[in-house]
Every structure is written in C-alpha cells, then in structure tokens.
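Q: Following this message is one structure expressed as structure tokens.
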Amino acid sequence: MKAQDYLNFHGVKFASLSDRIKVIKAMEDYKNQISVLFPVDSIFDDFLREWNKTRREHGLKSPIRILGSKAENQIKELYRRGYKLSDIILGFKRALSSDNHRKSNFKYLTPEFITRVDKFNIYCHEESKPNNDQGDYEYQPE
C-alpha cells in the first residue's frame with residue numbers, strides 16, 4: 001500500500017498540503033530504507049535453505065517450501081531486533097533437542113512457532129539446564 005493510500009484509508013487530516021507531502025515523503029523514505037536494509041527475498045530464501053538443511057541433519061523429512069506471511073513478519077521483526085539468521089537456526093536446533101518436541105514428534109515445531117518472539121527467546125537464550133526426572137532443578141542447600 002502506498003503512503004498516500006494509507007493516509008486516505010485512515011482518514012488522516014493535515015493542516016496544510018505541505019505537511020501532508022512531508023509525511024508522505026517520510027513514509028516512502030522509511031519504506032525504501034527498510035527494503036534496502038532487509039532485502040526480503042534473500043532473507044526468506046536463506047532462512048528456508050538453512051531450516052531445511054538443519055532438518056535433514058537431524059533426520060527429519062519433508063522440507064518446507066513456502067513460508068506463511070505470519071512467519072515472514074516474525075522473521076522481519078527478529079531482524080529488526082538485531083538477531084541474525086544464525087541466531088534463529090540456533091534456537092531451532094535447541095528446540096529440536098527439547099523433550100517436549102521429541103514427544104510430539106516435532107509436529108508443532110514450525111517456522112511460525114520458533115520465530116514467535118517469546119518462543120525464540122526461550123530457545124535462543126536457553127542455557128544448558130540440569131536434566132532430572134521431573135525436568136526441574138534439584139534443590140541444593142547453600
């Protein structure tokens with residue numbers, strides 16, 4: 001959607017025509033900067049290539065060929081927050097070793113799931129945790 005159409009759709013009013021032109025120009029400049037900083041096609045192509053490579057390495061079949069718009073938007077958001085493709089794949093690898101995903105045969109481990117900011121933070125920043133029967137930390141008196 002063009003900036004002018006967006007403003008018309010939302011009924012944004014300006015005091016003068018020059019103010020409207022300035023805002024439209026600023027919106028278009030921002031849109032152009034984002035597309036230069038984050039070339040969309042290469043981001044998603046690289047993501048799919050690395051995702052499928054990691055799946056093959058862990059013995060999973062059926063590669064993913066198309067990303068949904070939700071996953072694409074979440075990946076863009078992670079890039080805006082300063083994360084790289086290697087960070088996303090690291091989170092995916094850690095999720096592959098999770099007991100919960102193994103029990104469900106990786107049914108729910110999708111690009112849409114792992115690129116959610118809350119889930120991404122869990123798996124990407126996960127430290128090695130003690131592994132006992134209950135999955136909890138053992139009590140250690142001080």
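Rule-based calculations on the coordinates, nothing more; no lab input. Because the structure is predicted, anything quoted here is derived from the model rather than measured. Every residue, glycine as well, gets a Cβ built from its backbone with ideal geometry; the counts of neighbours run over all protein chains shown.
Q: Cut-off under 23 Å on the C-alpha distance; same-chain residues fewer than 8 positions from Lys13 excluded. Which lysines are left, in chain and number order?
A: Lys2, Lys22, Lys25, Lys31
Q: Describe numerically, in nm with one decimal, the distance between label points set 7 Å from Cα along Cα→Cβ at Arg116 and at Leu85.
A: With each label point 7 Å from Cα toward Cβ, the separation is 2.6 nm.
Q: Given R₀ = 41 Å, what would the calculated FRET efficiency be for Lys22 paired with Glu77, taking r from the Cβ atoms and rounding to 0.05? Walk me through the numbers before you get to the answer.
A: On the way: r = 28 Å, r/R0 = 0.67.
Calculated transfer efficiency: 0.90.
Q: Using label points projected 7 Å from each Cα along Cα→Cβ, tell me how many nm separate Leu7 and Asp45, to one decimal.
A: Computed distance between label sites Leu7 and Asp45 equals 3.5 nm.
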